[in-house]
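Participant: First, the structure itself, so that you have it in front of you.
The values are calculated or read from the model by the stated rules, or taken from the named source; none is laboratory data. Predicted model only: the values in this text are computed from it and were never measured. Cβ atoms come from the backbone with ideal geometry, glycine included; neighbour counts cover every protein chain shown.
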Amino acid sequence: MQLLEGIPVSPGVVVGRAFILDQPRLRVSRRCVPADAVEIEIERFEQARRASIEDLNRVHHEAESQIGPEAAKIFLFHIGMLHDKALIGPVHERIREDCLAAEAAAAEVLREWSDRFLAMGDSAFTTKADDLNDLSERVLGHLVGQRRRRLEQAGEHAIVVARDLTPSQAVALGKARVTGFATDLGGRTSHTAIVAKALHIPAVVGCRWITERVSDGQTLIVDGDRGRVIIEPDSATLDEYTTYSEQRASFSVSLGELTGLEAVTADGVPIELLANIEFPEEAAEAVQAGAVGVGLYRTEFLYLTSDAVPTEQDHFDSYLRAIELLAGRPLTIRTVDLGADKYTQQRVATPERNPMLGNRSIRYCFRALPMFRTQLRAILRASAHGPVKVMFPLISSPSEFRQARLYVREVMEDLDDEGIPYDRSIPVGMMVEVPSAALLMNFFAREADFFSIGTNDLVQYTLAVDRTNEEVAGLYDPAHPAVLRLVRHVLRIADRAGKPPSVCGESAADPEYALLLMGLGLRTLSLTSSSIPALKRVIRMVTIQDCKRIAEKALTFDSGASVTAYVRDQARKLLPEGFTGRSGSDSSSEKTSGAAQRE
Ligand code: PEP
Ligand code: MG
């Protein structure tokens, strides 16, 4: 038996068999071969090409029965490419004329094809570029003798072990009905972690060496509450976890009793609890958990769940579905927040050097205007069917907000011309997740209709700590005094302007941190639905006076660790029962401190 510590990102405990997922991207150096080895290289390429065609014929056949002939056609495109002389010729040429090794020549030619498709700009061609990247991995996998492990092979009830997972791979895990996952890399608020939570897949990330320690088929326990992975547990440990799972289940049942009750403090102050969703169907769970609306709909997940670029109708259908499920409760639609760890980097030939500080979110939308306008049209059309708000991510200056709002107005004019109805007074708001936005709140308070503080990004940008990097996970600290001061500043200015904001970062779901936020003046929290009942339970047991007292004192400390220790101590004094018995109680305090869960 072996115990590995990581970062708990999605609660729950599962036992299953390990499935190791290889890294899909292969790095190929521009290796040359002696002139007399050229024919050998050409034959190597030909063998890899034939083997790839064989693979694809098999995959196509399987896909036809699983997803239907139309959707399976994509593999025919791949097979066609591998027969195309326009692809084969240049690879042979480069091996012969430049003496390139087969994998270097194939990688180069396929990348050039992919770049050509990307340069065409149209979404149909962008998808083709993805196909070529996929094809390239397949051929190179054969050439460099790497075994490809595709997610579809994982099988139900597998626990996926990988170096890292992209958010779209995490979505695929849900489709493959994987029970849990553990990765070497990753951080607490990475989008992969957020997807895992949305799909209720227990997960531990940042385990550092797990891919080197686990073999296929070994029994694993993934403890997503406490951030542990146990390899080949002994029978005593298995028994212990069985008991723990039973306690956990009965605690969830007891929380269910709170559903119909108000989220109001013991001294009568109402707290608004909204839900964060990534998929429209989650709106049903939000209502069931007692959310009074959706405070953050991360619409970029539309791009992560399908290979095709979503159309206006795809957007509209998703929004309408969420509106219907919410039955009159408000839906805050955030415009796509692509870039950084989501979507774009896997699709470009040259990834950005520092994508968290790069072309992401609203910046990406401004450069992809047809895409942005398409989404805005769908949001506005949806606003005719229920209470919808539109919110822009990663705003860093007032001019950026004005620019985004201008596009909303332009799209409104188009809809007017076409006689399409929409809500003319749709609230237009913004995320406050960049320190510059927090510091310029007095300007924004005059212009935006509402605000949501995104602590996931606000922490990373205030403290210069990549939210997805396990190496610096111990420095990622929502309780850092600098973060608390920025949050307090935003709350004060927005409240004064009569536009009280919400907080929608992951830390809003941590009851101890929530006490602190309420003490700072926050009255609206937006969080993952599954965390709502536990938070409501705590809210009903505390008074705002206590929260204020805790926050006031917390602001006198000069480190996040001291703040966390103090808040934890106070919370447990106030509510000896409130913080016991709930799932993840061991880790929740560390969640506040952001400490890495590792020895
Ligand atoms: C945030 O940054 O806090 C946030 C809610 O947005 P996301 O996690 O999608 O970046
Ligand atoms: Mg964000």
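Participant: If you go through region 323-342, how many residues are outside any loop (DSSP other than H, G, I, E, B) and more than 16 Å from ligand 2 (Cβ to nearest atom)?
Facilitator: Restricting attention to region 323-342, the residues satisfying the condition of being outside any loop (DSSP other than H, G, I, E, B) are 323-326, 331-334, 339, 342.
Okay, now just the ones that are also more than 16 Å from ligand 2 (Cβ to nearest atom), so 323-326, 331.
Summing the residues that are outside any loop (DSSP other than H, G, I, E, B) and more than 16 Å from ligand 2 (Cβ to nearest atom) in region 323-342 gives 5.
Participant: Taking region 25-41, which residues are surrounded by fewer than 16 Cβ atoms within 10 Å (Cβ to Cβ) and part of a helix (DSSP H, G or I)?
Facilitator: Once the filter is applied, which keeps residues that are surrounded by fewer than 16 Cβ atoms within 10 Å (Cβ to Cβ) and part of a helix (DSSP H, G or I), region 25-41 yields 35, 36, 37, 39, 40.
Participant: Residue by residue through region 304-340, note down the ones that are surrounded by fewer than 22 Cβ atoms within 10 Å (Cβ to Cβ), touching a Pro at 6+ places or on another chain (Cβ under 8 Å) and at pLDDT below 95.
Facilitator: Within region 304-340, just 304 meets the criteria.
Participant: Are there any pairs with C-beta distances below 7 angstrom linking a residue in region 327-341 that is of a type in the set (Lys, Arg) to a residue that is buried (at least 23 other Cβ atoms within 10 Å of the Cβ) and not in a strand (DSSP E or B), with the two at least 6 apart or on different chains, and if so which?
Facilitator: 334/299; 334/393
Participant: Do we have residue 393 as in contact with a Phe, Trp or Tyr (Cβ under 8 Å, 6 or more places away or on another chain) and either touching a residue at least 40 places away in the same chain (Cβ under 8 Å) or crowded, with 22+ Cβ neighbours inside 10 Å (or both) here? I'd like the intermediate steps shown before the answer.
Facilitator: Numbers: in contact with a Phe, Trp or Tyr (Cβ under 8 Å, 6 or more places away or on another chain): no; either touching a residue at least 40 places away in the same chain (Cβ under 8 Å) or crowded, with 22+ Cβ neighbours inside 10 Å (or both): yes.
No, not satisfied.
Participant: Let me ask you something else. Can you find even one residue in region 385-397 that is among the basic types (Lys, Arg), part of a helix (DSSP H, G or I) and closer than 16 Å to residue 449 by Cα? Break it down stepwise before answering.
Facilitator: Of region 385-397, the ones among the basic types (Lys, Arg) are 389.
Those still in the list that are part of a helix (DSSP H, G or I) too: none.
No: zero hits.
Participant: Determine whether residue 246 is surrounded by fewer than 21 Cβ atoms within 10 Å (Cβ to Cβ) and more than 30 Å from residue 379 (Cβ to Cβ). Break it down stepwise before answering.
Facilitator: Working: surrounded by fewer than 21 Cβ atoms within 10 Å (Cβ to Cβ): yes; more than 30 Å from residue 379 (Cβ to Cβ): yes.
Criteria met by residue 246.
Participant: Hey, another quick one. Considering only region 361-384, state which residues are farther than 26 Å from residue 110 by Cα and part of a loop (DSSP other than H, G, I, E, B).
Facilitator: 383, 384 - these are the residues of region 361-384 that are farther than 26 Å from residue 110 by Cα and part of a loop (DSSP other than H, G, I, E, B).
Participant: Now a separate question. If you take the residues in region 189-208 that are closer than 17 Å to residue 473 by Cβ and assigned to a loop (DSSP other than H, G, I, E, B), which one is nearest to ligand 2 (Cβ to nearest atom)?
Facilitator: 189
Participant: Can you tell me which residue in region 474-506 is modelled with the lowest pLDDT, limited to those that are in contact with a strand residue (DSSP E or B) (Cβ under 9 Å, 6 or more places away or on another chain), within 13 Å of ligand 1 (Cβ to nearest atom) and part of a helix (DSSP H, G or I)? Steps first, please.
Facilitator: Looking only at region 474-506, we keep the residues that are in contact with a strand residue (DSSP E or B) (Cβ under 9 Å, 6 or more places away or on another chain), and these are 486-487, 490-491, 494, 499-506.
Add one more test, that the residue is within 13 Å of ligand 1 (Cβ to nearest atom), and what stays is 486-487, 490, 501-506.
Retained after the next criterion (residues that are part of a helix (DSSP H, G or I)): 486-487, 490, 506.
Values: 486: 98, 487: 98, 490: 98, 506: 94.
Here the answer is 506.
Participant: Oh, and also: Of the residues 552, 471, which single one is within 28 Å of residue 12 (Cβ to Cβ), assigned to a helix (DSSP H, G or I), away from ligand 1 (no atom under 16 Å from the Cβ) and acidic (Asp, Glu)?
Facilitator: On the way: 552 fails: within 28 Å of residue 12 (Cβ to Cβ).
Answer to the check: 471.
Participant: Follow-up. Tell me whether region 358-380 contains one or more residues that are closer than 30 Å to residue 288 by Cα, within 16 Å of ligand 2 (Cβ to nearest atom) and either among the small types (Gly, Ala, Ser) or surrounded by 16 or more Cβ atoms within 10 Å (Cβ to Cβ) (or both). Steps first, answer last, please.
Facilitator: Kept after step one, since they are closer than 30 Å to residue 288 by Cα, are these residues of region 358-380: 375-380.
Then keep just the ones that are within 16 Å of ligand 2 (Cβ to nearest atom); that gives none.
Taking every residue of region 358-380 in turn, none turns out to be closer than 30 Å to residue 288 by Cα, within 16 Å of ligand 2 (Cβ to nearest atom) and either among the small types (Gly, Ala, Ser) or surrounded by 16 or more Cβ atoms within 10 Å (Cβ to Cβ) (or both).
Participant: Does region 462-471 hold any residues that are of a type in the set (Val, Ile, Thr) and at pLDDT below 95, and which are they? First the steps, then the outcome.
Facilitator: First, pick out the residues of region 462-471 that are of a type in the set (Val, Ile, Thr): 462, 465, 468.
Within region 462-471, just 468 meets the criteria.
Participant: Give, as residue ranges, the strands (runs of 3 or more DSSP E) completely inside region 209-309 that count at least 1 residues that are over 21 Å from residue 534 (Cα atoms) and in contact (Cβ under 8 Å) with a residue 60 or more places away in the chain. Don't jump to the end; show me each part of the working.
Facilitator: Working: elements: 219-223, 228-231, 272-277, 294-298.
Output list reads 219-223, 228-231, 294-298.
Participant: Please work out which residue is nearest to the chain's Cα centre (by Cα), limiting yourself to region 291-303 and to residues that are at pLDDT 95 or above and crowded, with 23+ Cβ neighbours inside 10 Å.
Facilitator: Going residue by residue through region 291-303, those that are at pLDDT 95 or above are 291-299.
Okay, now just the ones that are also crowded, with 23+ Cβ neighbours inside 10 Å, so 291, 294-299.
Values: 291: 21, 294: 17, 295: 16, 296: 13, 297: 12, 298: 9, 299: 11 Å.
The extreme case among them is 298.
Participant: Something else about it: What do you reckon, is residue 491 among the hydrophobic types (A, V, I, L, M, F, W, C), within 14 Å of ligand 2 (Cβ to nearest atom) and in the same structural domain as residue 515 (by TED's automatic domain parsing)? First the steps, then the outcome.
Facilitator: Working: among the hydrophobic types (A, V, I, L, M, F, W, C): yes; within 14 Å of ligand 2 (Cβ to nearest atom): no; in the same structural domain as residue 515 (by TED's automatic domain parsing): yes.
When the stated conditions are applied, residue 491 does not pass them.
Participant: Just name the residue that is nearest to residue 320 (Cα to Cα) out of those in region 381-427 that are of a type in the set (Asp, Glu) and more than 16 Å from ligand 2 (Cβ to nearest atom). Explain how you work it out, then say what you get.
Facilitator: Start the filter on region 381-427 by keeping residues that are of a type in the set (Asp, Glu), which leaves 400, 410, 413-414, 416-418, 423.
Filter again for more than 16 Å from ligand 2 (Cβ to nearest atom), leaving 410, 413-414, 416-418, 423.
Values: 410: 22, 413: 22, 414: 20, 416: 20, 417: 23, 418: 20, 423: 14 Å.
The extreme case among them is 423.
Participant: While we're here: I need the full set of residues from region 316-340 which are of a type outside the set (Phe, Trp, Tyr) and farther than 22 Å from residue 526 by Cα, in order please.
Facilitator: Within region 316-340, 317, 339, 340 meet the criteria.
Participant: Only one of these conditions is not met by residue 474: (1) of a type outside the set (D, E, K, R); (2) without any contact (Cβ under 8 Å) to a residue 60 or more places away in the chain; (3) away from ligand 2 (no atom under 15 Å from the Cβ); (4) surrounded by fewer than 24 Cβ atoms within 10 Å (Cβ to Cβ). Which number is it?
Facilitator: Of (1) of a type outside the set (D, E, K, R); (2) without any contact (Cβ under 8 Å) to a residue 60 or more places away in the chain; (3) away from ligand 2 (no atom under 15 Å from the Cβ); (4) surrounded by fewer than 24 Cβ atoms within 10 Å (Cβ to Cβ), only one is false for residue 474: (2).
Participant: Test of understanding: among 299, 259, 265, which residue is β-branched (Val, Ile, Thr) and under 28 Å from residue 132 (Cβ atoms)? Explain how you work it out, then say what you get.
Facilitator: On the way: 259 fails: under 28 Å from residue 132 (Cβ atoms); 265 fails: under 28 Å from residue 132 (Cβ atoms).
Exactly one of 299, 259, 265 is β-branched (Val, Ile, Thr) and under 28 Å from residue 132 (Cβ atoms), namely 299.
Participant: Keeping to region 418-468, report how many residues are in a loop (DSSP other than H, G, I, E, B) and within 11 Å of ligand 1 (Cβ to nearest atom). Please lay out each step first, then the result.
Facilitator: Step one: filter region 418-468 for residues in a loop (DSSP other than H, G, I, E, B), giving 419-427, 433-434, 440, 448-450, 454, 464-468.
Narrowing the set further to residues that are within 11 Å of ligand 1 (Cβ to nearest atom) leaves 433-434, 454, 467-468.
Residues flagged as in a loop (DSSP other than H, G, I, E, B) and within 11 Å of ligand 1 (Cβ to nearest atom) within region 418-468 amount to 5.
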